[in-house]
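Visitor: If you scroll down you'll find the structure; I have some questions about it.
Just so it is clear, none of the values below were taken in a lab; they were calculated from the coordinates. For clarity, every value in this text was computed on a predicted model and none was experimentally measured.
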Amino acid sequence: MRPALTRTFVSAATIIGLAAGSLAGATVSSAASEPTARPAASTQDVSVLAVNNLGLTVGRAKNWQCFLTRMGYPTYEHNGLLGKDSWKAAQRMFNRRGFNGGTSLVVDGIVGRYTIKALQRYLNTFGFGLAVDGIVGPKTLDAFWEFNGVPTDGPQCL
């Protein structure tokens, strides 16, 4: 009878151990915190993207690229995607033509606050009356949209 009692005791201990382990596992997994929610992208995050059309369609962005090229600031591609080369061309133009507010823009192709201020100064020479605040608000987007509404002709822009 002794082996039967031992077998029963071992079986009971195994069942208790498995149950305790399952409970311990459940406790650990239920105690784990949920992942922290990530914030949505802000407008500042958007400014460092590889392509930043500032609300322009591909066609209107291509007009901006062609305009810059025609003004002597080549963007190297006229694909309607305003990437670093397009914004470097714009930054060079803003520096050369004095729209940088007296401080040279870093020609890095990043559309930051100072590049937006230069763009706002530039658009204001065409009568848009924008606040030069470096913020891409609805008025700046509308002005940039309207400015790029007329296609720029030229062999490099066909």
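Visitor: Per residue of region 66-76, what does 6.51 cos²θ - 1.76 cosθ + 1.60 with θ = phi - 60° give for ³J(HN,Hα)? Whole Hz please, x for Gly and Pro, Karplus curve as stated.
Guide: So the Karplus estimates, Gly and Pro as x, are 5, 4, 4, 4, 5, 7, x, 10, x, 9, 6 Hz.
Visitor: Return the long-range amide H neighbours of GLU77 (sequence gap of 5 or more, or a different chain), with a cut-off of under 5 Å between placed amide H atoms.
Guide: Under 5 Å from the amide H of GLU77 lies no amide H from a residue far enough along the sequence or on another chain.
Visitor: Could you pull out every one of the lysines with an alpha carbon less than 17 Å from that of LYS117, ignoring same-chain neighbours closer than 8 positions?
Guide: Partners found: LYS88, LYS139.
Visitor: Counting each pair of different Cα atoms once, what's the Kirkwood radius of region 48-89 in Å, rounded to one decimal?
Guide: The Cα-based Kirkwood calculation yields 9.8 Å.
Visitor: When each pair of different Cα atoms in region 59-158 is counted once in the 1/r mean, what is the Kirkwood radius in angstroms, to one decimal?
Guide: With all distinct Cα pairs of region 59-158 included, I get 13.4 Å.
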